1. Given the condition modelled with pLDDT of 85 or more and either closer than 29 Å to Pro82 by Cα or of a type in the set (Lys, Arg) (or both), answer yes or no: does some residue in the stretch 177-194 qualify?
2. Part of a loop (DSSP other than H, G, I, E, B), hydrophobic (A, V, I, L, M, F, W, C) and touching a helix residue (DSSP H, G or I) at 6+ places or on another chain (Cβ under 7 Å), is that true of Val118?
3. Restricting attention to the stretch 236-279, report how many residues are under 13 Å from Leu217 (Cα atoms), in a strand (DSSP E or B) and either open to solvent by less than 30 Å² (accessible area, probe 1.4 Å) or out of contact with any Phe, Trp or Tyr (no Cβ under 9 Å at 6 or more places or on another chain) (or both).
4. If Thr367 meets every condition in (1) within 24 Å of the chain's Cα centre (by Cα); (2) more than 16 Å from Asp208 (Cβ to Cβ); (3) hydroxyl-bearing (Ser, Thr, Tyr); (4) surrounded by fewer than 14 Cβ atoms within 10 Å (Cβ to Cβ) apart from one, which number is that one?
5. What number of residues within the stretch 189-215 are among the β-branched types (Val, Ile, Thr) and either in a strand (DSSP E or B) or crowded, with 20+ Cβ neighbours inside 10 Å (or both)?
6. Taking the conditions exactly as written (within 28 Å of Gln204 (Cβ to Cβ), part of a loop (DSSP other than H, G, I, E, B) and basic (Lys, Arg)), does Arg126 satisfy them or not?
7. In this structure, does Thr333 turn out to be within 30 Å of Arg196 (Cβ to Cβ), open to solvent by less than 40 Å² (accessible area, probe 1.4 Å) and β-branched (Val, Ile, Thr)?
8. For the stretch 301-336, what are the residues that are under 17 Å from His354 (Cα atoms), in a strand (DSSP E or B) and of a type in the set (A, V, I, L, M)?
Amino acid sequence: TFAEDVAEGRLAKVSYLVPSALDSEHPSVSSPVHSATIVYKVLDALASHPEVWRRTAVFINYDENDGFFDHVPPPVPGGDSPAEREERWEGRPTGLGARVPMLVVSPWTVGGYVCSEVFDHTSVVRFLEKWTGVKEPNIGAWRRKVTGDLTGAFDFRRGHRQPEVEQPGAIPGFSGRWSPQPPAQQSMPEQEPGTRRARPLPYQPDADVRPGDDGTLTVRLRNGGSSSAHFALYPYAGEFAVPQHQDVTRTGTWTVPVPRGTYDFTITGPNGFRREFAGGAESKGGKGGGARLASAITRREIHLTLANRGDASLVFTVTPLGYVDEADIRRRTRTVRVKAGSSRTVAWHTADEHGWYDVEVTADRDTAFRRRLMGHIENGRASVSG
């Protein structure tokens, strides 16, 4: 019926296709080849009529991922604002669901790009808001703040391009239940090698730590992008009883207690952003080890300000941890001596890694001090995946 509507020029402005159980890829009744076949038939129907294809976008959605290898916990509201209270059920935050696959096929998404902006199922509805001008009243303000509307996956400046759709082979014979069995020898899955072209993203997160009052730490959160960035803090040394969450449009702060004399926590954000902070109890006076680190992101560089608030010289070591081979690690590792009471700034270049960085900072006389900085520096242009 869908193919007939395309061929006869009566395709509705918005169409929903819900496949049968056989075509849905559920293992109890189906197999991946059936799902691939129905996707091919939909795309073939559109590609066979260029006048329809040139003004059509196809969103291929899945409703679950079975929890396989999803290592990024989804955002949840961390505050008590009216918008965040909308996202609670029986007093507990709901937030977004686990990540699921999604494909966007259109003349404006040709090229195999990935888009790592934060989306959820309501993002599809919000794209339809843009397309139809009809407002959906049941999407809360917090969810609109945290997730995008899928327009970031498109490049509407591109001309209309015809997809190359190959004729698939015959569907293999299938009867009864499809019951895949795990191999006898289990092993960790491996990520597909290589990179893909990536859309520019509306985030530019950063975070660093300063000693606060009464033995606490003050975390400064910053976001230089045009969309709100969701930060999550995971405590590993008893700083908090549960992870902390915060949405930052420009700046934000956390006051982190240090109840056991040492701290060890990690802050994560969108697009591979990660900051690891570890050290001993600090004070504004800065006696003892006294190592400090402040970061600032500009263009394709991250500026690391290495400060020594102790009473003896410190030697900082800045080591790359990713995106380089062993020879590059040795070549790019830097040691910087900082006198007591002074600071020095090191520019870490990321142009060779397309804006990606992963570095560790340690100090020789302040052995508890450790910082790890990971992420991607956006410049408003397409990049590559990490």
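The values are calculated or read from the model by the stated rules, or taken from the named source; none is laboratory data. This is a predicted model, so every value here is computed, not measured. For neighbour counting, all protein chains shown are included, and Cβ atoms are generated from backbone atoms with ideal geometry for every residue, glycine included. The area values use the complete protein model at the heavy-atom level, side chains included, leaving out ligands, DNA and RNA. Shrake-Rupley method; radii C 1.70, N 1.55, O 1.52, S 1.80 Å.
1. No - not one qualifying residue is present in the stretch 177-194.
2. Values: part of a loop (DSSP other than H, G, I, E, B): yes; hydrophobic (A, V, I, L, M, F, W, C): yes; touching a helix residue (DSSP H, G or I) at 6+ places or on another chain (Cβ under 7 Å): yes.
So Val118 fits the description; yes.
3. Number satisfying all stated conditions: 10.
4. Going through (1) within 24 Å of the chain's Cα centre (by Cα); (2) more than 16 Å from Asp208 (Cβ to Cβ); (3) hydroxyl-bearing (Ser, Thr, Tyr); (4) surrounded by fewer than 14 Cβ atoms within 10 Å (Cβ to Cβ) one by one, Thr367 breaks only (1).
5. Here is the first cut: in the stretch 189-215, the ones among the β-branched types (Val, Ile, Thr) are 195, 209.
Of the ones still in play, those that are also either in a strand (DSSP E or B) or crowded, with 20+ Cβ neighbours inside 10 Å (or both) are 209.
Residues flagged as among the β-branched types (Val, Ile, Thr) and either in a strand (DSSP E or B) or crowded, with 20+ Cβ neighbours inside 10 Å (or both) within the stretch 189-215 amount to 1.
6. It is false that Arg126 is within 28 Å of Gln204 (Cβ to Cβ), part of a loop (DSSP other than H, G, I, E, B) and basic (Lys, Arg).
7. Details: within 30 Å of Arg196 (Cβ to Cβ): yes; open to solvent by less than 40 Å² (accessible area, probe 1.4 Å): no; β-branched (Val, Ile, Thr): yes.
Spelling it out, it is not the case that Thr333 is within 30 Å of Arg196 (Cβ to Cβ), open to solvent by less than 40 Å² (accessible area, probe 1.4 Å) and β-branched (Val, Ile, Thr).
8. Within the stretch 301-336, Ile302 is the sole residue that qualifies.
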